[in-house]
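Please read the structure below before turning to the comments.
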Amino acid sequence: MDYPKSVRIVEVGPRDGLQNEKKVISTEKKADFIKRLARAGHQTIEVTSFVRPDRIPQMGDAKELYPLLSKIDCDLVCLVPNLKGLEVAHSLGVKEIAVFTASSDSFNQKNINATISQSFDRIEPVIEKALESGIKVRGYVSTAFGCPYEGFIEPSKVAEVAIRLHKMGCYEISLGDTIGSGTPLSVERVLAEVTKGIKPTQLALHFHDTRGMATANIVKGLEFGVSVFDASSGGLGGCPYAMGATGNVATEDLLYLFQSLGIETGINLEKQIEASTFMLNDLGKVTTSKFLQAYLTAKDNHGSLYLPTP
Ligand code: HMG
Ligand code: MG
């Protein structure tokens, strides 16, 4: 199989990973976490969102957090829902934003109080203004592999939304498996439609690992030539408007997978684990990452760490 030689992991732990956590994490702790991730070698980190603080309280300190990250030398992305969010991002000197919509009206209504069509009316001026100001724009399509309210979503609908977002100027479209219901077959069907209008090199895949399918789905993505994958440290995460959905696929599980396939990520595994355990310990949480669980058990018992070679 002709897999890409290297991939880019978009670390979404500080945003998607933390947005649903009830325990308030101090702004300094978040900044420390992000600095540790940058030291691990990440090229792209989604650090926060400029959304309604009453809807997502954990992201309520975005304006205070972003300035603490000024010395970090990698791409820092902020999620932006509308022009109000863009205004704040612009005033803080944010260089990259992510806009988001979904392929399901019901999810969009709950998440952003807009239908798909209304969301485009909102997003279009955000993209235009951002690009005019030299801000890069990434785009998300949520519920690409299933909706918590509508269930199955037609791949052609996902493609329609993704291609529209891409044509508006997003340099990369991330297909979100919001509730972790995707399977290799559904990934194949969605990618077959979406790649009719967007090159695989301009796509990213964003899996939540609710049903344990994320790494299998990512292998399917690699087969299609996708080389950007969103992941979250230790598997943290979830969306408050996608009930029952667990965190993103763990960055550590991806590092193990890519190591086994001889695919470069540029990320130092030990430093990644250090960043994840730093945040997990603060939250008082046990990781959902299968690899990290095995690693920590082996370490506690002075066992050897098994790392596969291709
Ligand atoms: P709305 O209620 O439709 O907005 O919210 P509005 O324009 O009617 O304004 C209502 C009030 O909100 C006003 O305040 C605005 O100023 C304020 P008031 O005048 O009443 O005092 N407001 C804002 N405040 C701060 N920042 C803003 C902002 N905009 C309006 N940007 C909105 C629409 C989208 C903003 C809202 O519904 C919201 O913030 N929702 C939360 C969305 C969210 O963050 N969801 C989780 C992230 S998405 C995700 O996790 C999926 C993803 O990971 C991919 C996947 O897994 O599928 C990306
Ligand atoms: Mg997500």
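Values as computed for the structure displayed
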item: Residue list for segment 282-310, filter: of a type in the set (Ser, Thr, Tyr) and exposed (fewer than 12 other Cβ atoms within 10 Å of the Cβ); result: 297, 304, 306, 309
item: Test for residue 28: is it among the acidic types (Asp, Glu), over 20 Å from residue 89 (Cβ atoms), within 13 Å of ligand 1 (Cβ to nearest atom) and outside any strand (DSSP E or B); result: no
item: Flag for residue 41 being crowded, with 24+ Cβ neighbours inside 10 Å and either within 16 Å of ligand 2 (Cβ to nearest atom) or of a type outside the set (Val, Ile, Thr) (or both); result: no
item: Residue count for segment 287-310, restricted to those that are within 20 Å of the chain's Cα centre (by Cα) and without any contact (Cβ under 8 Å) to a residue 60 or more places away in the chain; result: 5
item: Members of segment 111-122 found to be in contact (Cβ under 8 Å) with a residue 40 or more places away in the chain and over 19 Å from the mean Cα position of the chain (by Cα), listed by number; result: 116, 120, 122
item: Test: residue in segment 48-56 that is over 25 Å from residue 194 (Cα atoms), within 16 Å of ligand 2 (Cβ to nearest atom), of a type in the set (S, T, N, Q) and not in a helix (DSSP H, G or I); result: yes
item: Set 241, 256: member being modelled with pLDDT of 95 or more and among the hydroxyl-bearing types (Ser, Thr, Tyr); result: 256
item: Within segment 1-32, tally of residues that are modelled with pLDDT under 95, surrounded by 16 or more Cβ atoms within 10 Å (Cβ to Cβ) and among the charged types (D, E, K, R); result: 1
item: Which numbered condition residue 35 misses (of (1) under 18 Å from the mean Cα position of the chain (by Cα); (2) crowded, with 19+ Cβ neighbours inside 10 Å; (3) not in a loop (DSSP other than H, G, I, E, B)); result: (2)
item: Count of residues meeting criterion [over 25 Å from residue 158 (Cβ atoms) and surrounded by 24 or more Cβ atoms within 10 Å (Cβ to Cβ)] in segment 58-85; result: 1
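The values are calculated or read from the model by the stated rules, or taken from the named source; none is laboratory data. These numbers come from a predicted model, not from an experiment. Backbone-built Cβ (ideal geometry, glycine too); neighbour counts: all protein chains shown.
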